[in-house]
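Working notes, beginning with the structure itself.
The values are calculated or read from the model by the stated rules, or taken from the named source; none is laboratory data. Treat the numbers as computed from the prediction; the structure is a model and nothing was measured. Counting neighbours? That spans all protein chains shown, and the Cβs are built from the backbone with ideal geometry, glycine included.
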C-alpha cells in the first residue's frame, strides 16, 4: 500500500463492531448498574409524588378557606350586616 498506510493492527470491521457492542452491553446492561439506576428513578418518582400530594393538600386547604370566607360573606349579606352597595 501507499506511504500513508497505517502500520497498526488491522481488525475486521464486523469483529471490531461486535467487540464494542459486547463491551457496551456488559457495561450498560450490568444488572447491578440497572438495579441502582432503577432504585434512583423510583426514589425520585416517590419524592415527586409526595411533593404533588403536598401541593394538592395545600390547594384543597386554600379552597376550603375561600369557600368558608364566601359563606361568611353570603351570611353577612343575608343578615343585612353588609350592604351590597358597599361592595
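Observations on the structure shown:
- Of all residues in the stretch 47-87 being assigned to a helix (DSSP H, G or I) and in contact with a helix residue (DSSP H, G or I) (Cβ under 9 Å, 6 or more places away or on another chain), the one that is modelled with the highest pLDDT: 77
- Test: residue 34 is assigned to a helix (DSSP H, G or I), within 29 Å of the chain's Cα centre (by Cα) and either in contact (Cβ under 8 Å) with a residue 60 or more places away in the chain or on the phi < 0 side of the Ramachandran plot (or both): yes
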